[in-house]
1. Can you tell me which residue among Val24, Val49 is modelled with pLDDT of 95 or more, among the β-branched types (Val, Ile, Thr) and surrounded by fewer than 20 Cβ atoms within 10 Å (Cβ to Cβ)?
2. Of all residues in the stretch 333-382, which are out of contact with any Lys or Arg (no Cβ under 9 Å at 6 or more places or on another chain) and part of a loop (DSSP other than H, G, I, E, B)?
3. Condition check: under 30 Å from Leu346 (Cβ atoms), under 21 Å from the mean Cα position of the chain (by Cα) and touching a residue at least 60 places away in the same chain (Cβ under 8 Å). Does Ala45 satisfy that?
4. Could we say that Ala33 is within 20 Å of Ala180 (Cβ to Cβ), assigned to a loop (DSSP other than H, G, I, E, B) and either at pLDDT 95 or above or not charged (D, E, K, R) (or both) here?
5. In this structure, does Gly107 turn out to be surrounded by fewer than 19 Cβ atoms within 10 Å (Cβ to Cβ) and under 27 Å from Gly247 (Cα atoms)?
6. Give the residues of the stretch 114-158 that are free of Cβ contacts under 8 Å to residues at least 12 places away in the same chain and not in a loop (DSSP other than H, G, I, E, B), sorted by residue number.
7. So, in the stretch 333-377, how many residues would count as being over 17 Å from Leu421 (Cβ atoms) and at pLDDT 95 or above?
8. Out of all the residues in the stretch 193-220, which are surrounded by fewer than 12 Cβ atoms within 10 Å (Cβ to Cβ) and either free of Cβ contacts under 8 Å to residues at least 12 places away in the same chain or not acidic (Asp, Glu) (or both)?
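The values are calculated or read from the model by the stated rules, or taken from the named source; none is laboratory data. Please read these numbers as outputs of a predicted model, since none were measured by experiment. Note: ideal-geometry Cβ built from the backbone for every residue, glycine included; neighbour counts use all protein chains shown.
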Amino acid sequence: MNRIFETPLYPYRRSPDQDAAGPVRHPVVVVGAGPVGLAAAIDLALHDVPVVVLDDNDKVSFGSRAICFAKRPLEILDRLGCGAPMVEKGVTWNLGKVYFGERRVYGFNLLPEAGHKRPAFINLQQYHFEKYLVDRVRELEAEGRPIEIRGRNRVTAVEPSADGVRIDVETPEGPYRLAADWLIACDGAGSPVRAMMGLDFVGRVFEDNFLIADVRMEADFPTERWFWFDPPFNKGQSALLHKQPDGVWRIDLQLGWDIDKEREKKPENVIPRLKAMLGEDARFELEWVSIYTFQCRRMERFRHGRVVFAGDAAHQVSPFGARGANSGLQDTDNLVWKLKLMLDGLAPESLLDSYDDERLHGADENIRNSTRSTDFITPKSEASRLFRDAVLDLSESFAFARPLVNSGRLSVPCTYDGSPLNGADAGDMPARTRPGSPAADAPVAGGWLLDRLGAGFQLLTIDRDAPDRLDVDGVEIARVALSASDDPSGALAERYLGATSGAVYLMRPDQHVAARWLAFDEEAVRAALKRAVGRET
């Protein structure tokens, strides 16, 4: 067993707050030190917003849990200062294969175009992922940033009010009480905060169960995603194989609905299933075994006054598609810059309503795609099964059928079409970089576009003149000026100009496009910035 499971990364230490005469008030408290909570806290600290993270544990999550981290979250992690070690440790992959029975029916490439800093995906066990995030927290603490993790601090009560939240906390040395201007609940699918507030999910629970097993073994399978429909080793069901670092492989086996979950998790039942897949002579060691059931559900709203929910605490999807942790990281990426502006008095509190507008849109998109994947993987009728099998048969020889194959539509970033924050959109420009869309990376002179954009409002100009800085009622916009000479590959022009000769883009702090024009117009830029911070709609 990996020793990282047993090492306290943020052990309990008594806080001065526990000895205070009354509840000490903090600007932001984050509940949950998983990937989403830690990312939120790091982002807040980088924005110089004081943050305290409370977690009832003191170490990383046991088992792999999430393993697939997509390109857009990796770009977010680069901005947070911890993407590089994760990519270096992780298993990089862009390719996948789909099998029907024993036949390979087709392969796919999730990032067929060149000119991106990050791959389509890396596979990295969640315990490694969390360790790198904690390492980043320690770096920020050493720099004097306002961030703190309190291990073995279990939240037992939450009392929201019009201007803040009261939080009761239990520790090994007894209880104490905190106050917060804002609370971000990142405490997982079983969210105690959600339960304390009497809130719940709406959505579907699917009638099927899957065995998840992480095994240590030496194998020469390529670093690809392999998915089987109706394989000979799991007849009538499905299977999935992924490579992870350190000689660990993730295997998912569909089991059906009417099973004894505890019995199926026992090694004497798991090992024969794995040998049927890997071969009787396969030598492996079980690291992690569990049974999961598909759920595609979300809260009706993610913001409830001064309490905001993110990640699995706010929404759940089936794991095929790698949408859980990836969408959670996009939640906090969307939330933190808005909270910063509001706390600084530069935006109204109503700006946070756009977190619901945009991330509910993202959650619905994920749930829709995840539900379709689940329905294709586990047909609910004989007619549905016949259709699915016909699609798989045709896809071996006919390209038109391959887009219909759904072994899990893999995570892609959400475009906030229809967002109240979106501004002007000039015509005859590429659809992929329209307002609401995440910035598309491209190689530029001296590095990569997303690294140049940073984490504030930016005016990206391509062969267009504009001031180096603008101040719009206290909100600063910095210019990133590029030209044709900065675009040797042509990728920048393809992704941002199309048929036009130049352009001006207003980029949000989360690197989504706020507005774009063919030329600089100061009045238009100011109006778009006011719209993007919720001052005008």
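1. Checking each option against the conditions leaves just Val24.
2. The answer is Asp344, Gly345, Thr378, Lys380, Ser381.
3. Yes, satisfied.
4. For Ala33, the condition - within 20 Å of Ala180 (Cβ to Cβ), assigned to a loop (DSSP other than H, G, I, E, B) and either at pLDDT 95 or above or not charged (D, E, K, R) (or both) - is met.
5. Answer is yes for this residue.
6. Of everything in the stretch 114-158, those that are free of Cβ contacts under 8 Å to residues at least 12 places away in the same chain and not in a loop (DSSP other than H, G, I, E, B) turn out to be Arg138, Glu141, Ala142.
7. Residues flagged as over 17 Å from Leu421 (Cβ atoms) and at pLDDT 95 or above within the stretch 333-377 amount to 3.
8. Within the stretch 193-220, Gly198, Val202, Asp220 qualify.
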